[in-house]
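Remarks on the structure that follows.
The values are calculated or read from the model by the stated rules, or taken from the named source; none is laboratory data. Computed from a prediction, not measured in an experiment: that's the story for all the values here. Please note: Cβ atoms are built from the backbone with ideal geometry, for glycine as well, and neighbour counts cover all protein chains shown. Heads up: the accessible areas ignore ligands, DNA and RNA and are worked out on the full protein's heavy atoms, side chains in. Shrake-Rupley method; radii C 1.70, N 1.55, O 1.52, S 1.80 Å.
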Amino acid sequence: MTERSIDDLGPVDYLVVEFPAGQQNFTGEAADQLLQLHDSGTIRVMDLVIIGKGEDGTIMAQELADLEDMGEFARLETELAETLAEEDVLTFGTTMQPGSIGAVLVYENLWAAGFASAVRHAGGQLITQGR
């Protein structure tokens, strides 16, 4: 990946997913889809943190680089910006149910980077966004 200025970035979003206790069925399909989005240039994975919440409410987090076997995610490690602070992770973890596993994904929308840069060069700025 080449160095880019903040002016060249596309919109950055995040999402948090939770897999409640007793409903976890990790087949790798979601990971494959995420890697396809990254590899196709649709998004750039900027941060990915795995969160576990114990039955006692204890929140545990692992950065992607902390995983013993990253598998296909190993190729993303050099591109991670690690944008999440510990406080962010704890905040997300408090919303999870005990016994669940979750993930926080921060990603750049590469598909919109050119448009976002052109808007900034024209003096524009994002004032609201929604889903």
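A few points about this structure:
- Among residues of segment 59-84, those that are within 21 Å of Glu18 (Cβ to Cβ) and open to solvent by less than 40 Å² (accessible area, probe 1.4 Å), counted: 3
- Met96 surrounded by 15 or more Cβ atoms within 10 Å (Cβ to Cβ), farther than 26 Å from Ala112 by Cβ and modelled with pLDDT of 90 or more: yes
- Number of positions in segment 75-131 that are among the hydrophobic types (A, V, I, L, M, F, W, C) and under 17 Å from Gly54 (Cβ atoms): 6
- Look at segment 75-100: where a residue is more than 13 Å from Gln62 (Cα to Cα) and a partner is aromatic (Phe, Trp, Tyr) and outside any helix (DSSP H, G or I), sitting 6+ places away or on another chain with Cβ atoms under 8 Å, you get Ser100/Phe19.
- Cβ pairs under 7 Å, 6+ apart, first in segment 17-29 and surrounded by 10 or more Cβ atoms within 10 Å (Cβ to Cβ), second part of a strand (DSSP E or B) and among the small types (Gly, Ala, Ser): Val17/Gly102; Val17/Ala103; Glu18/Gly102; Phe19/Gly102
- Ile51 vs. criteria under 22 Å from Thr95 (Cα atoms), open to solvent by less than 40 Å² (accessible area, probe 1.4 Å) and of a type in the set (Val, Ile, Thr): yes
- Among the residues making up segment 1-56, a single one is touching a strand residue (DSSP E or B) at 6+ places or on another chain (Cβ under 7 Å) and more than 26 Å from Glu86 (Cα to Cα): Leu37.
- Unique residue being of a type in the set (Gly, Ala, Ser), in contact (Cβ under 8 Å) with a residue 40 or more places away in the chain and not in a loop (DSSP other than H, G, I, E, B) when the list is Gly57, Gly52, Gly41: Gly52
- In the condition set (1) under 23 Å from Gln36 (Cβ atoms); (2) free of Cβ contacts under 8 Å to residues at least 12 places away in the same chain; (3) open to solvent by 50 Å² or more (accessible area, probe 1.4 Å), Gln125 is compliant with all but (1).
- Within segment 108-116, none of the residues are closer than 19 Å to Tyr14 by Cα, open to solvent by less than 60 Å² (accessible area, probe 1.4 Å) and assigned to a loop (DSSP other than H, G, I, E, B).
- Test: residue in segment 9-25 that is among the aromatic types (Phe, Trp, Tyr), over 15 Å from the mean Cα position of the chain (by Cα), under 20 Å from Ser100 (Cα atoms) and assigned to a loop (DSSP other than H, G, I, E, B): no
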